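Undergrad: Following this message is one structure expressed as structure tokens.
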Amino acid sequence: MTYRIAVVDDEALSLTNAKNMLESEDMRVSCLRSGSDLMKFVLKNTPDLILLDILMPDMDGFETFDRLREFEDNAGRPHIPVIFLTGENDSETEMKGLKLGASDYIRKPFDRDILIRRIENTINNNKTIETLTEEAKVDKLTGFLNKSRGTERIVCVN
């Protein structure tokens with residue numbers, strides 16, 4: 001399966017390395033140089049996953065992540081899984097990213113096999129969660145929305 005991956009990093013070498021590694025696995029890669037570029041990109045595109053560098057000028061990865069989630073919530077879009085990238089070896093930074101809701105955390109320079117496996121695991125886990133969430137909204141016997149989902153839909157219409 002071809003995954004669509006957005007890589008956000010202000011370092012050209014990191015973008016090139018990630019692009020080469022991912023494209024060799026038949027993934028479609030969009031390289032973006034800043035958080036602002038990502039926000040413009042998601043207006044018209046929905047990647048399967050975002051690799052987001054933490055240390056960037058102007059808007060760092062944490063602020064970008066917050067803005068992305070705010071945009072998705074306001075637009076009624078599902079959350080795109082995000083894996084934070086960093087060259088830092090700081091557990092506090094890693095913990096902050098995970099507490100914000102990032103799916104994973106990868107240190108640079110990348111190990112190709114680990115990068116690919118984490119991307120595949122994150123996307124597969126996200127799709128499983130989406131499927132289970134949708135299945136929980138429908139009564140399996142009747143095929144109708146369950147009571148709580150039906151009530152939610154009625155309230156939204158009013």
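Every number here is computed from the coordinates shown, using simple stated rules; none is lab data. Everything quoted here is computed from the prediction, not taken from an experiment. Note that we place each Cβ from the backbone using ideal geometry, even for glycine, and neighbour counts take in every protein chain shown.
Undergrad: Return a whole-number percent for the relative contact order of the chain, with Cα pairs under 8 Å and 6 or more residues apart as the contact set.
TA: RCO, the chain: 17 percent.
Undergrad: Can you give me the long-range amide H partners of Y3? Hydrogens built in the peptide plane at 1.01 Å from N, cutoff under 5 Å, separation of 5 or more residues or another chain.
TA: R28
Undergrad: Another question, then. Calculate how steeply helix 61-75 sits against the longest principal axis of the alpha-carbon atoms of the chain, using the helix alpha-carbon long axis, and give the answer as 0 to 90 degrees to the nearest 10.
TA: Helix 61-75 and the main axis of the chain meet at about 20 degrees.
Undergrad: Taking the 0 to 90 degree range and rounding to the nearest ten, how far is the long axis of helix 12-23 tilted relative to the main principal axis of the chain, both from C-alpha atoms?
TA: With rounding to tens, the tilt is 50 degrees.
Undergrad: Could you check what % of the DSSP bridge pairs in the chain are antiparallel, to the nearest 5?
TA: Of those bridges, close to 5 percent are antiparallel.
Undergrad: For the residue pair E25 and E130, what label-to-label distance in nm results when each label sits 7 Å from Cα along the Cα-to-beta-carbon direction?
TA: Reported label-point gap for E25 and E130 is 1.8 nm.
Undergrad: Output the 0 to 90 degree angle, nearest 10, between the alpha-carbon long axis of helix 147-157 and the longest principal axis computed from the alpha carbons of the chain.
TA: 80 degrees
Undergrad: Once R0 is set to 22 Å, what does the formula 1/(1 + (r/R0)^6) return for the Cβ-Cβ distance between R117 and D60, expressed as a FRET efficiency to the nearest 0.05? Could the numbers behind the result be given before it?
TA: Numbers: r = 26 Å, r/R0 = 1.20.
So the FRET efficiency works out to roughly 0.25.
Undergrad: If packing is taken as the average number of other Cβ atoms within 10 Å across a peptide's residues, how do 79-86, 51-58 rank, most packed first? Before the final figure, lay out each step's value.
TA: Details: 79-86: 20.9, 51-58: 19.4.
Ranking, from highest mean packing down: 79-86, 51-58.
Undergrad: Also: Which residue, M95, L52, G143, has the largest displacement toward the positive end of the dipole of the chain when charges sit on each Cβ (Lys, Arg +1; Asp, Glu -1)?
TA: The Cα lying farthest towards the positive end belongs to G143.
Undergrad: Taking the Cα centre as origin and putting +1 on Lys and Arg beta-carbons and -1 on Asp and Glu beta-carbons, what dipole magnitude results for the chain, to the nearest 20 debye?
TA: The dipole of the chain has a size of about 720 debye.
Undergrad: Still on this model: Students often forget the sequence filter, so: which lysines lie under 24 Å Cα-Cα from K96 once same-chain residues fewer than 8 apart are removed?
TA: K108
Undergrad: What share of Cα pairs, in percent, lie more than 19 angstrom apart in segment 4-157?
TA: Numbers: 6693 of 11781 pairs.
In whole percent, the long-distance tail amounts to 57.
Undergrad: Let me ask something else. Over all distinct Cα pairs, what is the inverse of the mean 1/r for segment 17-99, reported as the Kirkwood hydrodynamic radius in Å?
TA: Computed over Cα pairs of segment 17-99, the Kirkwood hydrodynamic radius comes out at 13.6 Å.
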